[in-house]
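Accompanying notes for the structure given below.
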Amino acid sequence: MKEYKDYQLQGNNTFGIPARCDRFIEYAGEEDLKEMYKQKVFAGQWMSLGCGANLLFCGDYHGTIIHSVAQSIEKREETAQNILVKADAGIILDNFIEYSVSNGWGGMENLSAIPCSVGAAPVQNVGAYGAEAKDVVERVHVFDTKEGTFRSFSKEECTFGYRDSFFKANPQYVVVSVEFRLTKAPSWELRLDYGNLRSALPSDFSPEDALALRMIREAVRQIRHDKLPDPAEIGSAGSFFKNPVVDRTVVDKILHDYPKMPFYEMPNGCKIPAGWLIEQTGWKGKKSGNVGVYEKQALVLVNLGQATGKEVWELAQHITLSVKEKFGVEIYPEVIKIPQ
Ligand code: EPU
């Protein structure tokens with residue numbers, strides 16, 4: 001366990017926003033969590049941070065930030081069709097996906113290159129290109145910071161939703177490790193139907209190919225590279241907003257003036273791409289001081305170099321207002337503002 005006082009967080013959030021926290025603790029596993037509980041870390045102000053890819057620091061954090069650096073991977077069960085693998089929260093999700101794809105274990109290849117830790121993946125139920133963490137998560141092992149005990153949640157108990165899970169509303173549980181059920185060839189269930197994924201695959205692509213997972217992973221990486229900023233070069237948090245789900249009546253009203261608006265039927269209404277709504281308001285590619293809207297994906301707000309969290313938040317509010325005024329649709333951030 002390593003502890004830092006008055007810690008600079010600029011390298012711990014993909015927006016690259018400078019902010020400090022009173023205390024930053026890197027911990028390696030269960031013993032450290034018990035020790036922190038004993039030291040009453042969880043009795044004060046605290047939060048858990050993975051890769052910092054889904055938050056915006058709008059000021060300093062007066063409390064303790066805990067960050068898992070636990071890195072173990074353990075095979076739990078294996079059959080001819082699938083494998084259950086337990087991965088520690090501190091592993092970079094994309095490193096785990098690379099490991100899985102190298103072993104020929106399918107299920108996470110569409111999630112390639114999402115900046116995220118294994119621990120954050122179920123909390124946020126990360127998703128991309130037709131796949132979500134919930135498709136492969138079997139169990140989530142957590143530490144209950146109120147009780148000082150360990151427990152695990154089945155997939156059903158995680159109550160996954162769109163960029164949502166039980167853990168989002170219950171931050172008392174810190175994810176320790178995640179069990180993923182991955183498939184082996186020929187039981188792979190490849191998802192190739194999202195957007196232009198199929199056309200980004202090599203022309204001789206075959207689902208039977210031993211390298212099919214690798215090809216999908218590379219295609220997803222390429223699409224992301226073409227559309228989304230690389231956090232190592234341009235600060236952002238991926239999609240800043242969630243795609244709103246609205247009543248069909250709202251969709252029909254907009255379709256009257258914009259017959260080409262894309263939308264997707266959902267069990268609870270219709271999902272409209274927030275990127276489309278924002279683009280129609282004219283914000284795409286716009287810059288305002290140190291912040292801007294990415295020119296290739298209107299859902300992504302970017303730090304142009306010296307941005308503060310407040311500037312990003314203000315831009316987000318302007319955009320939200322423009323969308324509300326033009327379409328009567330409320331869009332909500334996917335990114336979490338800290339302090340709230
Ligand atoms: N669109 C526009 N203009 C834009 C962006 C999008 O018109 O500037 C429209 C297009 O019609 C496009 C549609 O929106 O076909 C969907 O766009 P895209 O495939 O880029 O997906 P998205 O809905 O904007 C979501 C996720 C992304 C994920 C992609 C691919 C959310 C909030 N975002 O974006 O996730 O990579 O799908 O699956 O659901 C993230 O969460 O940080 C993230 C990057």
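A few points about this structure:
- Helical segments meeting 20 Å axial Cα length and Kyte-Doolittle -0.5 threshold in the chain (DSSP H): 309-327
- Beta bridges by DSSP in the chain, antiparallel share as percent, to the nearest 5: 80
- Proximal lysines relative to Lys38, as straight alpha-carbon distance under 20 Å, when same-chain residues fewer than 8 apart are discounted: Lys2, Lys5, Lys146
- Qualifying lysines (Cα of each under 21 Å from Cα of Lys286; at least 8 residues distant if same chain): Lys227, Lys242, Lys296, Lys310, Lys324, Lys326
- Counting Lys and Arg as +1 and Asp and Glu as -1 over every other residue whose Cβ lies under 9 Å from the Cβ of Gly107, the net charge comes to -2.
- Label point 7 Å beyond Cα of Met261 along Cβ direction - residues of segment 306-340 with amide nitrogen under 18 Å: 319-332
- Here segment 2-68 is treated with +1 on each Lys and Arg Cβ and -1 on each Asp and Glu Cβ, and its dipole about the Cα centre works out to around 120 debye.
- Of Ala169, Cys51, Gly285, farthest towards positive along the dipole that unit charges on Lys, Arg, Asp, Glu beta carbons give the chain: Gly285
- When the Cα atoms of the chain are aligned to their principal axes, the ranges along those axes come out at 60, 51, 36 Å in descending order.
- Spacing of the two label points (7 Å from each Cα toward its C-beta) at Glu147 and Lys40, in nm: 2.3
- Across the accessible surface of segment 184-340, with the other protein chains kept in place and a 1.4 Å probe, carbon and sulfur atoms take up 50 percent.
- Estimated vicinal HN-Hα couplings, Hz - segment 109-117 in sequence order (Karplus 6.51, -1.76, 1.60; Gly, Pro = x): 4, 5, 8, 4, 6, 6, x, 5, 9
- Lys, Arg +1 and Asp, Glu -1 on Cβ, resulting dipole of segment 178-334 about Cα centre, debye, nearest 20: 120
- The simple Förster model, with R0 at 30 Å and r as the Cβ-Cβ distance, assigns Ser199 and Gln306 a FRET efficiency of 0.20.
- Averaged over its residues, the chain has an accessible area of 48 Å² per residue, based on protein heavy atoms and a 1.4 Å probe.
- Dipole of segment 253-340 [Lys/Arg +1, Asp/Glu -1 at C-beta], most positive-end residue of Phe327, Ile254, Leu304: Leu304
- Simple spin-label estimate for Asp22 and Ala185 gives 5.5 nm between the two label positions (7 Å along the Cα-to-Cβ direction from each Cα).
- D_trans [Stokes-Einstein, Kirkwood Rh over alpha-carbon pairs] for segment 2-68, 10 °C, 1.306 mPa s, µm² s⁻¹: 131
- Taken about its Cα centre, the chain carries a charge dipole of about 640 debye when Lys and Arg each add +1 at the Cβ and Asp and Glu each add -1 at the Cβ.
The values are calculated or read from the model by the stated rules, or taken from the named source; none is laboratory data. Computed from a predicted model, the values in this text were never measured in an experiment. Using ideal geometry, Cβ is built from the backbone for each residue, glycine included, and neighbour counts are taken over all protein chains shown. The protein model used for the area step is the full one, side chains on, heavy atoms only, and it has no ligands, DNA or RNA in it. Shrake-Rupley method; radii C 1.70, N 1.55, O 1.52, S 1.80 Å.
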